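A.B. asks: Could you have a look at this structure, given as structure tokens, before my questions?
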Amino acid sequence: MRTFVILQIGLWIFGTGEAFFIAAGLGVSPWTVLAQGVSLQTDWSVGLSTFAVSVAVLLLWWPLRERPGLGTLSNAVVISIAIDVMTPLLSGFDSVWIRSSWIVIGVLLIGLGSGLYLTANLGPGPRDGLMTGLQRRSGKPIGWVRAAIEISVLAIGWLLGGSVGIGTVVFALGVGHSVAVFLSLMRAFSRQPVR
């Protein structure tokens with residue numbers, strides 16, 4: 001139960017980090033660019049579009065023989081809800097300084113959320129499973145597979161009208177480091193003896 005709660009908290013924090021990027025209006029992560037593009041074409045919310053994209057990605061798991069876990073399904077649902085709940089609470093600020101700080105906070109929250117939900121080990125997120133499945137089937141290096149997926153998703157999302165900007169660049173340059181730092185902290189914390 002403790003692991004499940006940590007998973008849910010991590011996913012909510014991750015979704016909140018995405019909401020900070022959306023509210024900043026300065027560009028979002030590649031997958032959220034795609035969700036925004038879908039949102040603009042369908043009149044769905046970004047959260048609902050994120051959920052729809054997650055379901056579509058999960059359908060791609062079938063031929064790749066990936067197996068979802070509880071964390072996989074939670075990922076699709078909780079992040080989508082967090083985006084729709086948190087984005088309106090963070091939106092409406094005109095100050096460039098506040099909006100710029102939102103993307104920095106977004107990177108940190110996505111790193112923290114990832115650290116929490118990845119250490120729960122209850123199944124990969126839909127996008128991570130797609131990456132590992134494609135890597136296993138293609139035999140290409142994981143970095144190349146991830147880059148190809150992210151670039152493709154970004155391009156499709158941009159063509160659909162999703163927001164690409166400085167926030168997208170900050171995400172690309174910062175999120176890997178943020179996740180690595182928080183994963184290290186989570187692993188170090190989990191090794192501490194209970195007193």
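Taken together, the values in this text are just the output of simple stated rules run on the coordinates, not laboratory data. Everything numeric here is computed off the predicted structure, so don't read it as measured data. Ideal geometry is used to build each Cβ from the backbone, glycine not excepted, and the neighbour counts take in all protein chains shown.
A.B. asks: What is the local net charge at Val175, summed over the other residues whose Cβ is closer than 14 Å to its Cβ (Lys, Arg +1; Asp, Glu -1)?
C.D. replies: Surrounding charge for Val175 is -1.
A.B. asks: Specify which residue in the list Phe20, Leu73, Gly123 is farthest towards the positive end of the charge dipole of the chain, using unit charges on the beta carbon of Lys, Arg (+1) and Asp, Glu (-1), about the Cα centre.
C.D. replies: Gly123
A.B. asks: Same structure again: Pull up all non-local amide H partners of Ser45: gap of 5 or more, or a different chain, and H-to-H distance under 5 Å with H placed in the peptide plane.
C.D. replies: For Ser45, no residues qualify.
A.B. asks: Right, something else. Give me P(r) over region 2-190, computed from all C-alpha to C-alpha distances, binned every 5 Å, as integer percentages.
C.D. replies: 1, 9, 16, 21, 23, 17, 9, 3, 1, 0
A.B. asks: Arranged by the count of other C-beta atoms within 10 angstrom, fewest first, what order do Ile156, Ile149, Ile142 take?
C.D. replies: Ranking Ile156, Ile149, Ile142 by Cβ neighbours within 10 Å, fewest first, gives Ile142, Ile156, Ile149.
A.B. asks: Springs between alpha-carbon atoms under 10 Å, Gaussian network over the chain: tell me which of Phe14, Phe171, Phe93 tops the mean-square fluctuations.
C.D. replies: Greatest mean-square fluctuation among the candidates belongs to Phe93.
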